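Visitor: Got a structure for you, written out below as structure tokens; questions coming shortly.
The values are calculated or read from the model by the stated rules, or taken from the named source; none is laboratory data. As the structure is a prediction and not an experimental result, all values here were calculated from the model. Ideal geometry is used to build each Cβ from the backbone, glycine not excepted, and the neighbour counts take in all protein chains shown. SASA here: full protein model, heavy atoms, side chains in, ligands and nucleic acids out. Shrake-Rupley method; radii C 1.70, N 1.55, O 1.52, S 1.80 Å.
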Amino acid sequence: MACLRFPVIPLNHTSPVSKSPRPQTHLIKPQDNEKHHQILYNSYFKHISSVCKEGKLQDAVNILFELESQDFEIGANVYGDLLQGCVYERNLSLGKQIHSRVIKKGESLVKNEYIETKLVVFYAKCDCLDVASSLFRRLDQKNVFSWAAIIGLYCRMGYLQNTLLGFCAMIENGFEADNFVVPNVLKACGGLSFIEFGKGVHGHVVKKGFEGCVFVASSLVDMYGKCGALEDARKVFDNMPERNVVTWNSMMVAYAQNGMHEEAIRVFHDMRTEGIQPTVVTMVTFLSASANLYALEEGKQGHAIAISTGLDSGNIMGTSLINLYSKSGLIEDAEKIFNKILNKDTVAWNLMISCYLHNNQIQKTINLCHKMLSQRLKFDSVTMTSITTSAGNTQNLKLGKSAHCHIIRTNLMSDVAVSSSLVDMYAKCNKIHDARTVFSLTGTKDLVLWNTLLAAYAEIGSSGEALNLFYKMQLEGVPPNTESWNSIILAFLKNGQVKEAMDSFSEMKSSGLEGSLVTYTILIFGLVQNGFVDQSISIFQEMQENGIKPNNISIVGVLSACKTRASLQLGRAIHGYVLRHEMDINVILATSLVDMYAKCGSIDYARKVFDMIVVKGLPLYNAMISGYALHGCAVEVIAVFRELQNDGFDPDEITFTSVLSVCRHCGLVNEGLGIFVDMIRKYGVKPSMEHFGCVASLLSKCGNDEVFQFVKCMRFEPDSHILGSLLESCRGTRTDTDTDIGTGTETNTDTDIETGTETNTDSVKYLMENLMKIDPGNSGNYVAVSNAYAGKGMWNEVSELRNLMREKGIKKSPGCSWIQIGKEVHVFVANDRSHSRTDEIYSTLALLRKEMLGNRDP
């Protein structure tokens, strides 16, 4: 190693290390001279040590030069102090020069244990991994300081597994890990989510009595938080005799990182109560938790605290505030914070771009992108990922393609995160072929990219393509994770392949991977949608047995199973689970509960849940209106409909479908027609076939003329429901005089919707023919035509139609009833003798019939 000449700076004459006086003429005894020499050397050494601690490294070097000029034998302690001074200042260049001087002094100094250790510590603290590791390996005598230095270096540089291996080797070599080593080891455990290893280190901490050290305890809180073991983190936190701001921050961050944002805010409140002054980390965590909860008031209070404590300046705080106001929809406030940041970095620009994209302000996004480029800043992978992700979420293919072009021009295609976002964008824009092309052109494919394309195929139910891709990724050496299996299961369920989905679930577990909350939620929803209601409930129970706590989404899934099965008992049990575990009943969960209770026959409970929610959304109103409509409660439907309007919500297509449906069932012709007109004129909702069907059915109660005129004016070809309504109007008309649509004159015929010339009987035949074309296998259509003939006393035609049904093998689907006793549901249809206790059931029924007939008044 080359040795650079040290510049010489004249020393102050008053310094205790000034040059020694010129030799005196009188003789000095050799022992006195040696003693004087040692005193002078010690004085020099103390001064070197002092100026090194003060950071005056050049002064220390000058003293070294002075010592050498007077032929002092420089000891290891001097070079050690100089190296330690370089550690304090992280002065790599000067430290290397001292190292070269040590080498030139010879083997005895180079192999000195003290110097060897100091060199390892110096290079480790300066993050020179290769040099430090090389020197460490060549150490003849390793000690606790060299082990601590190399373990700390591995941890800082991100070599977390090497950190743990170094810790194990240190213990095996008989050295005790102290409270300087343990925090680095715990940090590595947290980064790798090695909770079992972390618990072992925790045991070491307790054994050595380090749990009272605030730095070690804070590291334990951080480790458990990163591993998701929040109960353990809280136990350590609560048992600490002393907490500093780092400890409080660790607890807050642990909750925030695991999605428990409310708990993070509570810790912040407790911290303020204890009088602990917040740091930037504190405020950033608090603002992030507030943003994720959309807790604007709390966020604003945090902003005020940051201002009052002088923490509101700087990019980190600025970006946190932008994130808060962006997620709260306060774009102008986010812009104000952004404009106040003096030296904006790429993170600030990216957040502001994301803010505009999140609020679908595309033009402002484009303008800000141009402004960012004008500041000579380049789009990075985060910028492009944000733009492509937003383009996919809004299905803005034009924006997505523009972003793709820029990605190609700026050579960002090699970034796997960018490629993954492009694949996702094209998939969400229904361009799966383009998504596959981007995937194929990406050189290095990581697990995230494979999973992105797998998820794209799963969403469209392309189970074959998904399975081929799943096998291909394994052939290319990429082992699937739980997310990969989730996509395969979802693809099968979307394609109706329930057996294959369940087989994949079993295979995933046999491969050593456990199902996640997402896995079980996918299964619950998929099984319900495919009609396997009981199996979905079993999956929900299995999820809890495996220690996985359901969230609101999985609860919504199992509630859909309850309403499909019409199991009020199970639905109440699920509601009870929600209340016992103090789960947040948001609008989505409340909507599902209202829907479940209504469809399980308990409209009163549905109303109670509805009234519990203070801030109601349109979906919740729709669920309540639909429930009342299902129960035929017309007055209540209209009342909730008016309440919805008074709360400032505009009804949508679903709202009007429910309201018109109840008007149809209850024969509220005037109310129904008035609401239909308001739907079009006042709210601008385009009527769908379902709306037309409701009105047609409503008008069918008024006779032929009105309904035929209405159907004639429709912009759709009538479907089977509307044709059925026309048949209903024919059924109710047995007179021989009706009004012709074309002439308005009374004739002895009914009116045909196209020509107005057919007889009433021919109209029925015409409607029957069209019904058979639209839905030939629907037994309900034959029944409707049969009822229309019967209503006119045309019994021969009724008989012919029933014969036709027998010839075609079409049977009327019988209605069924069921009753739940315990956990078992018993289903009955007319003349059903399939139940295991049929004889007992019919005997009881006969006794009831006899008793009823016996009690009949004479």
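Visitor: Testing Leu523 on (1) open to solvent by 10 Å² or more (accessible area, probe 1.4 Å); (2) over 27 Å from Ile819 (Cβ atoms); (3) of a type outside the set (D, E, K, R), one condition comes back false. Which one is that?
Guide: Checking Leu523 against (1) open to solvent by 10 Å² or more (accessible area, probe 1.4 Å); (2) over 27 Å from Ile819 (Cβ atoms); (3) of a type outside the set (D, E, K, R), the one that fails is (1).
Visitor: A follow-up question, please. Are any residues in segment 176-192 modelled with pLDDT under 90 and either of a type in the set (Ser, Thr, Tyr) or open to solvent by 40 Å² or more (accessible area, probe 1.4 Å) (or both), and if so, which ones? Break it down stepwise before answering.
Guide: The initial filter retains those residues of segment 176-192 that are modelled with pLDDT under 90, namely 176-180.
Passing the criteria: Glu176, Asp178, Asn179, Phe180.
Visitor: For segment 493-516, enumerate the residues that are part of a helix (DSSP H, G or I), hydroxyl-bearing (Ser, Thr, Tyr) and surrounded by fewer than 19 Cβ atoms within 10 Å (Cβ to Cβ). Step through it out loud before you land on a result.
Guide: Let us first name the residues in segment 493-516 that are part of a helix (DSSP H, G or I), namely 493-494, 498-510.
Next, only the ones that are hydroxyl-bearing (Ser, Thr, Tyr) stay: 504, 506, 510.
Across segment 493-516, the qualifying residues are Ser506, Ser510.
Visitor: Next question, about the same structure. Regarding segment 360-372, can at least one residue be identified that is at pLDDT below 85, touching a Gly at 6+ places or on another chain (Cβ under 7 Å), among the polar types (S, T, N, Q) and open to solvent by 20 Å² or more (accessible area, probe 1.4 Å)?
Guide: no
Visitor: Still on this model: Starting from residues that are of a type outside the set (Asp, Glu), in contact with a Ser or Thr (Cβ under 7 Å, 6 or more places away or on another chain) and assigned to a helix (DSSP H, G or I), keep the ones in segment 292-315 and report whichever is surrounded by the most Cβ atoms within 10 Å (Cβ to Cβ). Step through it out loud before you land on a result.
Guide: Narrowing segment 292-315 to residues of a type outside the set (Asp, Glu): 292-296, 299-311, 313-315.
Filter again for in contact with a Ser or Thr (Cβ under 7 Å, 6 or more places away or on another chain), leaving 294, 296, 299, 302.
From what is left, the residues that are assigned to a helix (DSSP H, G or I) are 296, 299, 302.
Working: Leu296: 17, Gly299: 26, Gly302: 28.
Result: Gly302.
Conditions (1) among the β-branched types (Val, Ile, Thr); (2) part of a helix (DSSP H, G or I), marked per residue:
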| position | (1), (2) |
| --- | --- |
| Thr521 | yes, yes |
| Phe525 | no, yes |
| Gly531 | no, no |
| Gln544 | no, yes |
| Lys549 | no, no |
| Ile553 | yes, yes |
| Ser560 | no, yes |
| Thr564 | yes, yes |
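Visitor: What pairs come out if I take residues in segment 219-235 that are touching a residue at least 24 places away in the same chain (Cβ under 8 Å) and pair them with residues that are part of a loop (DSSP other than H, G, I, E, B) and of a type in the set (Gly, Ala, Ser) whose C-beta lies under 9 Å away, six or more apart or interchain?
Guide: Met223/Ala229; Lys226/Ser193; Cys227/Ser193; Gly228/Ser193
Yes/no per residue for (1) among the β-branched types (Val, Ile, Thr); (2) out of contact with any strand residue (DSSP E or B) (no Cβ under 9 Å at 6 or more places or on another chain):
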site: Ile488; (1), (2): yes, yes
site: Glu507; (1), (2): no, yes
site: Val528; (1), (2): yes, yes
site: Asn546; (1), (2): no, yes
site: Asn551; (1), (2): no, yes
site: Thr564; (1), (2): yes, yes
site: Leu568; (1), (2): no, no
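Visitor: Additional query: Take Leu589 and decide whether it is open to solvent by less than 50 Å² (accessible area, probe 1.4 Å), at pLDDT below 95, on the phi < 0 side of the Ramachandran plot and part of a helix (DSSP H, G or I). Break it down into steps so the answer makes sense when it comes.
Guide: Details: open to solvent by less than 50 Å² (accessible area, probe 1.4 Å): yes; at pLDDT below 95: yes; on the phi < 0 side of the Ramachandran plot: yes; part of a helix (DSSP H, G or I): yes.
For Leu589, the condition - open to solvent by less than 50 Å² (accessible area, probe 1.4 Å), at pLDDT below 95, on the phi < 0 side of the Ramachandran plot and part of a helix (DSSP H, G or I) - is met.
Visitor: Condition first: touching a Cys at 6+ places or on another chain (Cβ under 9 Å) and in a helix (DSSP H, G or I). Now tell me which residues in segment 350-363 satisfy that.
Guide: Correct list: Ile353 only.
Visitor: Follow-up. Pairs needed: first member in segment 375-399, among the small types (Gly, Ala, Ser); second member anywhere, modelled with pLDDT under 90 and not in a helix (DSSP H, G or I); C-beta distance under 7 Å; at least 6 residues apart or different chains.
Guide: Listed by first residue and then by second, the contacts come to Ser381/Leu412; Ser381/Asp415.
Visitor: Test Leu293 against the stated conditions and say whether it is in contact with a Gly (Cβ under 6 Å, 6 or more places away or on another chain), within 26 Å of Ser313 (Cα to Cα) and not basic (Lys, Arg). Outline the logic, then answer.
Guide: Numbers: in contact with a Gly (Cβ under 6 Å, 6 or more places away or on another chain): no; within 26 Å of Ser313 (Cα to Cα): yes; not basic (Lys, Arg): yes.
No, not satisfied.
Visitor: Out of segment 425-439, which residues are open to solvent by less than 70 Å² (accessible area, probe 1.4 Å) and assigned to a helix (DSSP H, G or I)?
Guide: So in segment 425-439, the residues open to solvent by less than 70 Å² (accessible area, probe 1.4 Å) come out as 425-427, 429, 432, 434-439.
Result: Met425, Tyr426, Ala427, Ile432, Asp434, Ala435, Arg436, Thr437, Val438, Phe439.
Listed here are the residues, each with its yes/no results for (1) within 30 Å of Lys509 (Cβ to Cβ); (2) among the small types (Gly, Ala, Ser).
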{"position": "Arg376", "(1), (2)": "no, no"}
{"position": "Thr394", "(1), (2)": "no, no"}
{"position": "Gly400", "(1), (2)": "no, yes"}
{"position": "Cys405", "(1), (2)": "no, no"}
{"position": "Asp415", "(1), (2)": "no, no"}
{"position": "Val438", "(1), (2)": "no, no"}
{"position": "Thr444", "(1), (2)": "no, no"}
{"position": "Asn451", "(1), (2)": "yes, no"}
{"position": "Glu459", "(1), (2)": "yes, no"}
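Visitor: Now for a different question. Just one of Ile353, Ile331 is of a type outside the set (D, E, K, R), in contact (Cβ under 8 Å) with a residue 24 or more places away in the chain and surrounded by 22 or more Cβ atoms within 10 Å (Cβ to Cβ); which is it?
Guide: Residue meeting the stated conditions: Ile353.
Visitor: Right, here's the next one. Considering only segment 674-686, state which residues are in a helix (DSSP H, G or I) and either within 43 Å of the chain's Cα centre (by Cα) or at pLDDT below 90 (or both). Show your work before the answer.
Guide: Filtering segment 674-686 for residues in a helix (DSSP H, G or I) gives 674-681.
Matches in segment 674-686: Ile675, Phe676, Val677, Asp678, Met679, Ile680, Arg681.
Visitor: Further question: Which pairs do you get when a residue that is over 11 Å from Thr117 (Cα atoms) and free of Cβ contacts under 8 Å to residues at least 60 places away in the same chain, found in segment 130-159, comes within reach of a residue that is basic (Lys, Arg) and open to solvent by 30 Å² or more (accessible area, probe 1.4 Å), reach meaning Cβ atoms under 6 angstrom, with the pair 6+ apart or on two chains?
Guide: Close Cβ pairs satisfying both conditions: Cys155/Lys187.
Visitor: Let me ask something else about it. Go through segment 70-157 and tell me which helices (runs of 4 or more DSSP H), entirely inside it, have 3 or more residues that are of a type in the set (Phe, Trp, Tyr) and open to solvent by 10 Å² or more (accessible area, probe 1.4 Å).
Guide: Values: elements: 76-89, 92-105, 107-110, 113-125, 129-137, 144-156.
The qualifying helices (runs of 4 or more DSSP H) are 144-156.
Visitor: Name the residue, out of Arg642, Arg664, that is surrounded by fewer than 19 Cβ atoms within 10 Å (Cβ to Cβ) and of a type in the set (D, E, K, R). Walk me through how you get there before you give the answer.
Guide: Working: Arg664 fails: surrounded by fewer than 19 Cβ atoms within 10 Å (Cβ to Cβ).
Exactly one residue qualifies, and that residue is Arg642.
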